[in-house]
Amino acid sequence: MSSMTIRRWVFSIVAVAIPASADAAVISWGRAGVSLVQYRADAVECGKLGANADISKEPATQAIVAAEQFTERNLNASIAGSDPALEQALMARRLSPAKKLAEAQGVMLTATELCLTRLGYHRFTLTSDQSGRLGRLRLGSPERHAYLHALASDPAILAKQAVRPTAEVATPSDR
């Protein structure tokens, strides 16, 4: 599996991250007064940096690749008298792919967030009403981009809904 394939696979999962719970806060990034054109250009620039982050030497990535190779090698090789489905479940549990995937995603997300910070963006939390409206807009649609931009460029919203530096990163919106 090439490093480019791994990056695309991990980034695709980052891009469609699912909240740990339905009540998880939606976090986005904003910069007061930024134009829609600049907002989108910055999102693309920083997204590309995250997508192209070299994760090939990260321990988590190496563990994911090793787990995949192990699974492929042993898919049809079962221990005499044992249940192949049980063996696969035990392998998956032992290799902890979800945890390793989250670690690899973190490296890519960090690169994206560092870029946004460098460009003057700050995290803010969407209210439940804002999250609800955002949820009704199709991912990647111009309406969704415009709605997020309206929130992300409003100085009052950014001040009132700012994420404090000690807060954990919650569910990323599509920025």
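What to note about this one:
- Pairwise label distance in nanometres, Leu36 with Ala162, each label 7 Å out on the Cα-Cβ vector: 2.7 nm
- Formal net charge of residues neighbouring Arg133 (Cβ-Cβ distance under 13 Å; K, R +1; D, E -1): +1
- Taking label positions 7 Å along the Cα-Cβ direction at both Lys48 and Thr117, the computed distance is 2.3 nm, reported to one decimal.
Laboratory data are not the source of any read-out in this text; all were calculated from the coordinates shown. None of these values were measured; they are calculated from a predicted model. A quick note on method: Cβ atoms are made from the backbone with ideal geometry, for glycine too, and the neighbour counts reach across all protein chains shown.
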